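The structure appears right after this line, and notes come after that.
What follows is calculated from the coordinates using simple rules that are stated; it is not laboratory data. All values reported here derive from a predicted model rather than from experimental measurement. Please note: Cβ atoms are built from the backbone with ideal geometry, for glycine as well, and neighbour counts cover all protein chains shown.
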Amino acid sequence: MQVPKVFKNKYVCYAVYALAVINILGYLGMKSYECLALFGLCAYSANCYCKDKVCAILAGLFVANFVFGCGRLKENFGGFKEKLAKLTDDMLKSADNAEKCGALGAAAKWDEAAKACNRVQGFVENMIEGAGKDEDEEEDIPSSPPAPK
């Protein structure tokens with residue numbers, strides 16, 4: 001197979017060798033031996049096919065990193081829910097010290113027996129208070145703003 005002349009340049013060769021060494025050290029650092037073996041096998045098979053070391057190393061890097069995803073890039077929020085729940089619990093504990101449930105307002109009531117805020121008790125009491133209001137009572141809300149003169 002015929003390769004472009006740019007692959008015959010010694011500086012390009014040194015750059016590709018450096019890139020290969022960095023990837024090999026990365027695979028060893030991550031203890032990803034399957035990626036290291038895949039890189040070696042692909043580079044060897046490409047070398048047998050095209051007889052050019054630079055092209056073979058680039059083919060091995062491409063297959064190992066892009067086709068099989070040996071870069072190990074993860075894009076998820078694993079563990080985020082647990083961290084958020086812990087942070088919320090810590091904030092509620094600090095709210096207990098600040099006026100016993102003052103940060104939660106009427107949504108919770110202080111339970112002396114449990115020495116903690118009781119969100120369910122506050123919710124039930126708010127529902128009972130809301131049920132006692134007459135629906136026919138109108139609040140003093142103006143229907144429209146006054147007209148300008």
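Tabulated data
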item	result
Gained length - Tyr44 relative to Ala18, 0.36 nm times residue gap less alpha-carbon distance	7.6 nm
Neighbourhood net charge (11 Å Cβ-Cβ; Lys/Arg +1, Asp/Glu -1) for Lys8	+2
Segment 5-67: Lys pairs at Cα distance under 22 angstrom, eight or more positions apart or on different chains	6
In Hz, Karplus ³J(HN,Hα) per residue of segment 48-65 (6.51, -1.76, 1.60; θ = phi - 60°; x = Gly, Pro)	5, 7, 10, 6, 10, 5, 5, 5, 5, 5, 4, 5, x, 5, 5, 5, 5, 8
HN-Hα J in Hz across segment 33-38 - Karplus 6.51, -1.76, 1.60, θ = phi - 60°, x for Gly and Pro	6, 5, 5, 5, 5, 4
